[in-house]
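Take this structure first; my questions come after.
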Amino acid sequence: MDFKDFNFNPDLFEGLQAMGFRNATPVQQEAIPLILSKKDLIACAQTGTGKTGAYLLPIMNMIANTEIRHNNTLILAPTRELAQQIDLQVEALSYFTNISSLTVYGGGDGIAYEQQKRSMREGVDIIIATPGRLISHLSSGVLKLDQLQHLVLDEADRMLDMGFYDDIMKIVSYLPKQRQTVMFSATMPPKIRKLAGNLLNHPEQISLAISKPAEGISQQVYLIGDEQKVPLLTSILKNGDYKSIIVFASTKDKVKNLGKVFRNLGLKAEAFHSDLGQSERESILLKFKNKQLPIIIGTDVLSRGIDVEGIDLVINFDAPHDAEDYVHRIGRTARAASKGTAITLVNNRDKRKLVNIEKLIEKQIERMPLPEHLGEAPAEGTEVSSAARPMRNDKPKRKFWKKKPAKNTGA
């Protein structure tokens, strides 16, 4: 479907044309007409499917055609990085319009806080915010959202994973009941459906096939001991022809330690975590996007908060806890029909996670042999991926043993 079929505002459409956008993605084709018709919507779609444009374009079109512009739209995002990316898209799409936006998130200095307050008093069209900092502005009375027309929750599942449920409900208490609410989530667990039931009014639903990695990703698994992980990565990073690499670890402490280890090995790498100041995090992301920094290390928050083209290698230093997060992590590579490699290191404790991943993607991931100098890999054991497990009609015979009587110790 061509974007001209949506009959967008001429200035907004001109911005689309200038950016080189011609055809809508599947999620945009389904979501845009529903949002334009002012229906509440819950959509299951992951990063990289065009979901941001799916809600920004129809809402910006309605803003361009309405007189109620003061704090018209609120977009909630789980991280400042995602909020900043959404704001960049607003700026790009509104280049030929007079639509204004403001990002609201914590971590800045007092000057940034005062600038946010001043912009809120004057009023903007779109506010893009993380929940915590927004609540402080609402509680102080600086921000008034009683005329709000549209509420968007982007990556709602990640916000709930980060413990923002109560914050979201508190924010909603400041909003008018008569509004349009749009929710995007990469997964649809019961907690998301519960949240949708509390916030949305007879919503339309969209669900795209989200659990299949791109065909252009070469997926590989190393069965490995913990003590073998760093030597293997050292070999891969020093000998491989990779120019842009993301390494995912399970905890912030591991991210920090890997950053130190890689730098001591002479590798140009930076650890990306919440203990860094805002300017430091922005500087690391900018260097990574500009290809001045070849390796960035982070947790799962980074997997949904970064939008960089040309990443050719994703390494899971730890297998992700949730199978869906595996899809998000490796989805950072092979974007826009390009090629990429995803390597996952699996120790004995994480073998069940590998089973769940392969069950989700309905595919057995290629097992790679360890280099000889690292010694033998742990045996895979009896756990076999359900994607590759042969079907059997015969049930194994069960054996029973009589429990031995306890010895009389005289106690």
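How many residues, within the stretch 137-149, are part of a loop (DSSP other than H, G, I, E, B) and either of a type outside the set (Asp, Glu) or free of Cβ contacts under 8 Å to residues at least 12 places away in the same chain (or both)?
Step one: of the stretch 137-149, the residues part of a loop (DSSP other than H, G, I, E, B) are 141-149.
Narrowing the set further to residues that are either of a type outside the set (Asp, Glu) or free of Cβ contacts under 8 Å to residues at least 12 places away in the same chain (or both) leaves 141-145, 147-149.
Selection size over the stretch 137-149: 8.
Pull up the stretch 130-153, narrow it to residues that are within 17 Å of the chain's Cα centre (by Cα) and at pLDDT 95 or above, then point me to the one that is farthest from MET62 (Cα to Cα).
Quick first cut of the stretch 130-153, residues within 17 Å of the chain's Cα centre (by Cα) only: 130-131, 152-153.
After this cut, where a residue has to be at pLDDT 95 or above as well, the list is 152-153.
Values: VAL152: 14, LEU153: 18 Å.
So, considering only residues that are within 17 Å of the chain's Cα centre (by Cα) and at pLDDT 95 or above, the one farthest from MET62 (Cα to Cα) is LEU153.
Do we have SER211 as modelled with pLDDT under 90 and not β-branched (Val, Ile, Thr) here?
Values: modelled with pLDDT under 90: yes; not β-branched (Val, Ile, Thr): yes.
So SER211 fits the description; yes.
Restricting to the stretch 46-79, name every residue that is under 12 Å from the mean Cα position of the chain (by Cα) and within 19 Å of GLY132 (Cβ to Cβ).
Within the stretch 46-79, ALA77, PRO78, THR79 qualify.
Give PRO190, PRO176 a once-over and let me know the one that is free of Cβ contacts under 8 Å to residues at least 12 places away in the same chain and not polar (S, T, N, Q).
Answer to the selection: PRO190.
Then there's this: Go over the candidates VAL124, VAL104 one by one and state the one that is in the same structural domain as GLY53 (by TED's automatic domain parsing), out of contact with any Phe, Trp or Tyr (no Cβ under 9 Å at 6 or more places or on another chain) and under 19 Å from ILE168 (Cα atoms).
Details: VAL124 fails: under 19 Å from ILE168 (Cα atoms).
When all the criteria are applied, what remains is VAL104.
Continuing with this model, one more query. Given the conditions (1) surrounded by fewer than 23 Cβ atoms within 10 Å (Cβ to Cβ); (2) in a loop (DSSP other than H, G, I, E, B); (3) modelled with pLDDT under 90, which single one is not true for LYS38?
(3)
Continuing with the same structure: Go through the stretch 243-294 and count every residue that is surrounded by fewer than 13 Cβ atoms within 10 Å (Cβ to Cβ), touching a residue at least 60 places away in the same chain (Cβ under 8 Å) and farther than 26 Å from LEU232 by Cβ.
Matching residues across the stretch 243-294 total 1.
Only residues that are out of contact with any helix residue (DSSP H, G or I) (no Cβ under 9 Å at 6 or more places or on another chain) and either within 26 Å of LEU36 (Cβ to Cβ) or of a type in the set (Ser, Thr, Tyr) (or both): list them for the stretch 174-200, please.
Within the stretch 174-200, LEU175, PRO176, LYS177, GLN178, ARG179, ARG193, GLY197, LEU200 meet the criteria.
Taking only pairs six or more apart or across chains, which ones have beta-carbon atoms under 6 Å, a first residue in the stretch 90-101 that is outside the structural domain of LEU16 (by TED's automatic domain parsing) and buried (at least 21 other Cβ atoms within 10 Å of the Cβ), and a second residue that is assigned to a helix (DSSP H, G or I) and not hydroxyl-bearing (Ser, Thr, Tyr)?
Every condition considered, no pair remains.
What is the one condition in (1) part of a helix (DSSP H, G or I); (2) closer than 21 Å to THR130 by Cα; (3) at pLDDT 90 or above; (4) over 24 Å from the mean Cα position of the chain (by Cα) that ILE99 does not satisfy?
(1)
Take the residues in the stretch 243-261 that are farther than 12 Å from PRO294 by Cβ and not in a helix (DSSP H, G or I), then tell me which one is nearest to the chain's Cα centre (by Cα).
PHE248
Conditions (1) touching a strand residue (DSSP E or B) at 6+ places or on another chain (Cβ under 9 Å); (2) surrounded by fewer than 16 Cβ atoms within 10 Å (Cβ to Cβ); (3) part of a loop (DSSP other than H, G, I, E, B); (4) touching a residue at least 60 places away in the same chain (Cβ under 8 Å), marked per residue:
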residue: PHE13; (1), (2), (3), (4): no, no, no, no
residue: PHE21; (1), (2), (3), (4): no, no, yes, no
residue: ILE32; (1), (2), (3), (4): no, no, no, no
residue: THR49; (1), (2), (3), (4): no, no, yes, yes
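The values are calculated or read from the model by the stated rules, or taken from the named source; none is laboratory data. None of these values were measured; they are calculated from a predicted model. Positions of Cβ are backbone-derived with ideal geometry, glycine not excepted, and every protein chain shown enters the neighbour counts.
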